[in-house]
Amino acid sequence: MWRWLRRATATADGAAGGLWIDVGLYSLATLFAVLTAAGSTLGPHRAWGAVASVGYAAATAVALAQVALARLAAGRPSLGRRAPDPLTMRPSAGAAGVVGRLTGPRARAGLAIAAWAATAVLPLVLQAMQRAGGRADRAQEEVVVIEDGGRRLLETGTPYLDRAAIAALAESDRLQAYLPYQPGMAVFGIPRALDGAGAWWSDARIWFGLATLVALAAALLLLRRAGAPPPALVRGLQVATVLPVCALTLATGGDDLPVLALCLLALALVAVNRPGWAGLAVGAAAALKLFAWPVALVLGVHAVTRGRRATGRYAAGALALPLLTAVPALLLGPGATVENVLAFPFGHGLVASPAASPLPGHLIATSVPGGRGIAVGLLLAAGAAIAIILVRRPPRTAAAASAICGYGLLAAMLLLPSTRFGYLLYPAAFLVWTIAFRPAEVPERPGPATTEPARVVAP
């Protein structure tokens, strides 16, 4: 399936070197931001839309200008103009080189980075500063929850409250008393706990953004050095940064972005045959959120196809980091850990999760008699299908692993009884990044008939 996706994307990217897709992405993102600013019921989302719509509109204008330049360089008329004499449309070699630099992958990547700064980083910083100035409606609830978890981690050694402690709180405070993440997520709340003044830089979203930036930059640099085509890297950069679901999530909540970025880094490390480092990257993601665990499992199956040595190196990091971060919380309060990490996300906490996007699983669970059981059954069936695929056709490349992660998580997001539209950023990124992984794949070792020196694979 991922091969079909790669061919379809390559065909679409053939239109003006991918520039028309850029125009479509930025223009639709502008519309999304405008509608969010005008109609969202969430204060942080409205504030994001007001700022991001300007950034997306500017990016759309630049992308349209790039299309016009590309058409001129190709000897075609600019947008909406009649073609002059072909002799007057033939650019010089120097002019063609300039146009190529202004419309090529490097320029498109630069535009994506600038758009990310304008539509994610700038709104994030503005909301963090406004929150530090007293605006309580400039952060989603998960930001406060994670920062409270960081404070508890410093004070008690565990970021979790047990069921009795949550029940003792006022009913209106119980939802935010839950921390439905792995213990490592609370680390992002420590700067706020250490900063008694509540400065903007201690906002957990600032540290989410920094972790995301480092992990994504490392993944893209690895793939570029391994020979991934620049257009594929540009598209991967866009889908993990300026796609509205990513930019909005980072600016208003942010906890999913470092998890996604670390998973993409793990896949990139698999593509360049670094199983040990890949294990550390996905292990760090799994220490933050349960969504990374299916990715860790798929990459573990891939490691098995590479042999015992690669499996051992991968497992050392993939298992060690989640265990090391979970052990203190389990020792100090096993009941509290289960209550927060398992009971609450699966609908057995003292309060219900507010995640309720109208995706198929939620609609079935809420609109059909016995719907929750049906949705869970469909989810289990999808999981069984993925398990069968892993056994019968285990992924032998990073591209295949990324495709399985993408389709598997897409099925999970659609069928979960309680889910959010924002979670779709995971399958979207994994599926689009498959086009960059395959060209960057390197063999574990050269064949016995070659004289090329063996590639170092260990971290």
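The values are calculated or read from the model by the stated rules, or taken from the named source; none is laboratory data. Worth saying up front: this structure is predicted, and the values here are computed from it rather than measured. All Cβ positions, even for glycine, are placed from backbone atoms using ideal geometry, and neighbour counts span all protein chains on display.
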Handout entry: Residue under evaluation A232, criteria (1) aliphatic (A, V, I, L, M); (2) buried (at least 21 other Cβ atoms within 10 Å of the Cβ); (3) outside any helix (DSSP H, G or I), criterion not met
Key = (3)
Exercise for the section: Tell me which residues, restricted to the stretch 410-428, are closer than 14 Å to A292 by Cα and either free of Cβ contacts under 8 Å to residues at least 40 places away in the same chain or of a type outside the set (F, W, Y) (or both). Expected result: L410, A412, M413, L424, L425, P427
Handout entry: Search result, residues across the stretch 387-410 that are surrounded by fewer than 20 Cβ atoms within 10 Å (Cβ to Cβ) and either over 17 Å from L424 (Cβ atoms) or at pLDDT below 90 (or both)
Key = A387, I388, I389, L390, V391, R392, R393, P394, R396, T397
Exercise for the section: Determine whether the stretch 243-259 contains at least one residue that is farther than 28 Å from A33 by Cβ, of a type in the set (A, V, I, L, M) and crowded, with 24+ Cβ neighbours inside 10 Å. Expected result: no
Handout entry: Matching option when the condition is touching a residue at least 24 places away in the same chain (Cβ under 8 Å) and of a type in the set (D, E, K, R), among R205, R224
Key = R205
Exercise for the section: Specify the residue that is modelled with the highest pLDDT; the eligible residues are those in the stretch 355-385 that are surrounded by 16 or more Cβ atoms within 10 Å (Cβ to Cβ) and of a type in the set (G, A, S). Expected result: A382
Practice task
Show the residue pairs that are 6+ apart or on different chains and have beta-carbon atoms under 7 Å apart, the first residue being within the stretch 370-389 and farther than 21 Å from G347 by Cβ, the second being part of a helix (DSSP H, G or I) and among the small types (G, A, S).
Solution key: I386/G408
Exercise for the section: Working only within the stretch 185-241, note down all residues that are touching a Gly at 6+ places or on another chain (Cβ under 9 Å), β-branched (V, I, T) and over 29 Å from A136 (Cα atoms). Expected result: V234
Practice task
Could you check how many residues of the stretch 210-240 are under 16 Å from G104 (Cβ atoms) and among the polar types (S, T, N, Q)?
Solution key: 1
Practice task
Could you tell me whether any residue of the stretch 411-422 is at negative phi, of a type in the set (V, I, T) and modelled with pLDDT of 80 or more?
Solution key: no
Exercise for the section: May I ask you to list the residues in the stretch 260-296 that are touching a Lys or Arg at 6+ places or on another chain (Cβ under 6 Å) and crowded, with 23+ Cβ neighbours inside 10 Å? Expected result: P275
Handout entry: Tally of residues being over 27 Å from V282 (Cα atoms) and either out of contact with any Pro (no Cβ under 9 Å at 6 or more places or on another chain) or β-branched (V, I, T) (or both) across the stretch 319-355
Key = 5
Problem - Filter result (buried (at least 18 other Cβ atoms within 10 Å of the Cβ), of a type in the set (G, A, S) and under 19 Å from L265 (Cα atoms)) within the stretch 302-350 - result: A303, A310, A315, G317, A318
Handout entry: Residue within the stretch 201-210 that is of a type in the set (S, T, Y) and within 12 Å of L257 (Cβ to Cβ) present
Key = no
Exercise for the section: Taking A73 as the residue in question, decide whether it is surrounded by 14 or more Cβ atoms within 10 Å (Cβ to Cβ) and modelled with pLDDT of 95 or more. Expected result: no
Fill in the blank from the handout: Among A139, A114, the single one that is aliphatic (A, V, I, L, M), surrounded by 15 or more Cβ atoms within 10 Å (Cβ to Cβ), in contact (Cβ under 8 Å) with a residue 40 or more places away in the chain and within 28 Å of A70 (Cα to Cα) is A114
Fill in the blank from the handout: With criteria (1) within 36 Å of the chain's Cα centre (by Cα); (2) modelled with pLDDT under 80, V67 comes up short on (2)
Handout entry: Any hit, the stretch 199-208, residues being surrounded by fewer than 24 Cβ atoms within 10 Å (Cβ to Cβ) and out of contact with any helix residue (DSSP H, G or I) (no Cβ under 8 Å at 6 or more places or on another chain)
Key = no
